[in-house]
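This report concerns only the one structure given below.
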Amino acid sequence: MFNKLFKRPPPPPRDFAALLEKSRKPAVHLVAHPERSTTYLGGLPELPQAEDWPRRGSRPMAFIGQIDLATTQQCLEVEWLPKSGRLLFFYHMEDEPWGFDPADRDAWRVVYTTAPGQESPQPEDLSEDYRLNRVDLACQRVRVFPPVDREPAASLKLDAEEYYAYDEVRHAVYAGKPHHQVSGFPDCVQLDCMEEEAQLASNGLYCGDATGYQDARAATLRAGARDWRLLLQVDTDDDAGVMWGDCGLLYFWVKEQDAKRGDFSNVWVVLQCS
């Protein structure tokens, strides 16, 4: 009876922001801006004159957006990115590949250029469904928390209630705006395994099931997963008129050593949604 009357009160909620403060990483949050910008989603790309509009086979890709690296670097110095130039991102929205199949390699393209460019018109055979509205963007420096299943967050062994509480902490840094981002930790919708997925799939292993992860080559390849960096994370965005799967995100990954050389020919893309 005594034990029933004098139960210990439940422990106070854990302060995840304080517990994981030291593990946060700097990143560039790309937010909508009312004035014309050289960093933007959708609209028309500033392609160099010698560059053709990227296609998958005979079908044109959608233009996702452009990053002015000089502006980005002023906001946050990302040592593995070039100091100037611009990155143009294309993705085949009709096929909407998720990035787990090595055969997806030709379904996206990132163009890096320092050459002058002008707005290139959309190809006539690109469906209106895959023409994003232009959203001009400004750069804001933020510090993002690690995904829930990445160390040191994973060591906290969150229960279901704490999982959602930590999600609120992670998402608060975006201040209610779409989670468009350069560098830093990804905002994962599913499991935090994108660097490994990019490493295995880009080296020919199918990751849509356990096949690639259990392949004999995977053990050797996994060490290279640490080389991958989040180049660009594009959120579902009503203003741009784009939704990835079911309110998901599109992630462009690049190897650090490639980016330092200005080589974006081997970028890998992953799509995650709820």
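Laid out as a table, the results:
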read-out	value
Other-chain or far-sequence residues with amide H under 5 Å of G184's (modelled H)	L230
Placed amide H near R134: partners under 5 Å, 5+ positions off or other chain	G43
Cut-off 12 Å between beta-carbons: net charge of the residues surrounding R143, Lys and Arg +1, Asp and Glu -1	+4
Matching label, percent of Cα pairs over 33 Å apart computed from the structure shown, candidates [x] 32; [y] 16; [z] 23	[z]
Of E161, E151, E35, the one that fluctuates the most in a GNM where the chain has Cα springs shorter than 10 Å	E161
Choice from L137, L156, L232 with maximal GNM fluctuation in the chain (Cα, 10 Å cutoff)	L156
Lys, Arg +1 and Asp, Glu -1 on Cβ, resulting dipole of the range 22-74 about Cα centre, debye, nearest 20	440
Disulfide-incompatible cysteines by the Cβ rule (no partner under 4.7 Å) in the chain	C188, C193, C207, C247, C273
Selection from C139, A259, S23, by position along the positive dipole direction of the chain (Cβ)	S23
Distance violations [Cα-Cα > 25 Å] among K177/K260; K83/K177; K25/K177; K22/K83; K83/K255	K177/K260; K83/K177; K22/K83
Under the Karplus curve 6.51 cos²θ - 1.76 cosθ + 1.60, θ = phi - 60°, whole-Hz ³J(HN,Hα) for the range 216-222, x wherever Gly or Pro sits	4, 6, 4, 4, 6, 6, 4
Amide proton proximity set for Y206, modelled H, under 5 Å, gap of 5+	G212
Alpha-carbon centroid distance for the pair the range 130-146 / the range 219-274, whole angstrom	14
³J(HN,Hα) computed for each position of the range 101-116 - Karplus, 6.51 cos²θ - 1.76 cosθ + 1.60, integer Hz, glycine/proline x	10, x, 6, 6, 3, 8, 9, 8, 7, 10, 9, 9, 8, 10, 7, x
Set of aspartates and glutamates with alpha-carbon distance to K157 below 18 Å, sequence-local pairs under 8 removed	D15, E21, D149, D167, E168, D192
Global form of the range 128-244, assessed from the alpha-carbon gyration tensor, a/c cut-off 1.5	oblate
Farthest positive-ward along the range 18-272 dipole, Cα basis, beta-carbon charges - from P152, F90, A32	P152
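FYI, it's all coordinate maths here, none of it is from the lab. Here the structure is a predicted model, which is why all the values come from computation and not from measurement. No Cβ is skipped: glycine too gets one built from the backbone with ideal geometry, and neighbour counts run over all protein chains shown.
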